[in-house]
C-alpha cells in the first residue's frame, strides 16, 4: 500500500506572488502567500509591523522625586538644591560692646525678606556657618566618645533633663482626638515660667556670663529658648522650633559662652538630650507636626539630627548609607549614631514599607557615601528650612541676631 501523497501547503517558509500581473494603476497589487516549494497558496501568519521608535511609551515613574515638596514643584526644587553650594563652617563673630539688648521680634514675611536674611553677613550667613561648624565637629564621633563638657553646657543639660522630668509629673489628659493633648500647655507654661531663672543660671555658669554687661541678654535669650519646644496654642512642633534651639545656641556662642572647642559636646551631649526631650514630648502629648510635608518630607519633626548624624558616620569603615535597611545595625548602633537613631525611631512610630512612608530617606540610602549625604543635607537645610517663609517667618531678630 502506497503512502498518501505528501502535501507541502503546511510549510512555514513562504514567499509571495501576485495574483495578477502588475498594473499601472495607483492601486497596489494584492499579495497572496504561496508555498516556496510547490507554488500553491498556503496559510501564513501576518508578519509583525516594522519597529517604530516613535511608539515607545513614555516612562512614568511610580512616584515623583521625593524632594520635600508636592510633586508639581519637586523637580524645580531638586534642581535648585543641586546647584546650591554646600554651606561651609565659619567662625561665629563675637558680639562687641556697647550691648543694646532688647526683646527680639519677627521680621520675615516674604521671599525677599528670606533672601535678605540669608545674604546678611551678620545674621543668616554666620548662623548657617555655625550649623555647618557643629556638623563638622561631630565628624567620626560616637555618642559615647569622651569629650570635655564646659560648665555652661552642663547647666544646659541639667535644665533640659529637669524639663524632661516635668513631663513625668504632667501626664496626658484623657481625650478622644489623636493629636494635640492639652496637657502639653501645662508643661509649656512650666517651661516658660522657669526660663528666666534658667537663663541666669546659664549666664552665671561661666566667667563670661557673670560679666554684668551681658546679664541684660536674658531679655533676648529667653524668647529663642521658649520657642524651641513647640507652640502651646497649636500644640505642634517642627523644624522651625528646632531652628530656634540652634539659634539660641548661636546666641550663646556670640556672647562667648559657647566656644569652638565646645562644639563636639554641643552636638553629642546637648543636642542629643534636647532630641530625647522632644521625642518624649511628641509621644506623650501627641504634638502635631508643624509645617510637615508628609511623605515628601525628610521627617515630620526634625532635620538637624540627620545633618549631625550623617557627619558622625563620614568615613566609617563598615556602615554605608544603605546600612539603614539592616535591622541588626539599627539595633546595635542606634545608641551611638544619631542618624541611625532617627531611622529606628521612624520605623517604630510609622507603619508600612519604609520606602512608602519615608521615600526621601529611602532615596538617600542609595547615595554612595556619608560625605555626600552630609553635604546634601546641609544644602537641603538651607533650601527646605531656612528658605521657606512658613518656617522662618517665626524667626526672631534682636541685637544678637540683627535684622540689617
Point to revise | Residue ID - surrounded by the fewest Cβ atoms within 10 Å (Cβ to Cβ), chosen from residues in region 235-274 that are out of contact with any strand residue (DSSP E or B) (no Cβ under 8 Å at 6 or more places or on another chain) and outside any helix (DSSP H, G or I) | key: 259
Study note, to complete from the structure: Exception for residue 96 within (1) surrounded by fewer than 11 Cβ atoms within 10 Å (Cβ to Cβ); (2) within 19 Å of the chain's Cα centre (by Cα) falls at (2)
Check your understanding: Out of (1) in contact (Cβ under 8 Å) with a residue 60 or more places away in the chain; (2) more than 27 Å from the chain's Cα centre (by Cα), the odd one out for residue 189 is which?
Key -> (1)
Revision key, fill the gap. Among the residues of region 173-203, the number that are in contact with a helix residue (DSSP H, G or I) (Cβ under 7 Å, 6 or more places away or on another chain) and either crowded, with 16+ Cβ neighbours inside 10 Å or part of a helix (DSSP H, G or I) (or both) is 15
Check your understanding: For residue 219, which of the numbered conditions (1) in a helix (DSSP H, G or I); (2) free of Cβ contacts under 8 Å to residues at least 60 places away in the same chain fails to hold?
Key -> (2)
Practice item. Residue by residue through region 134-152, note down the ones that are farther than 16 Å from residue 257 by Cβ and not in a loop (DSSP other than H, G, I, E, B). Key: 135, 136, 137
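No lab work stands behind these numbers, since they all come straight from the coordinates. Quick caveat: nothing in here was measured; it's all calculated off a predicted structure. Positions of Cβ are generated from backbone atoms using ideal geometry, with glycine treated the same way; all protein chains shown enter the neighbour counts.
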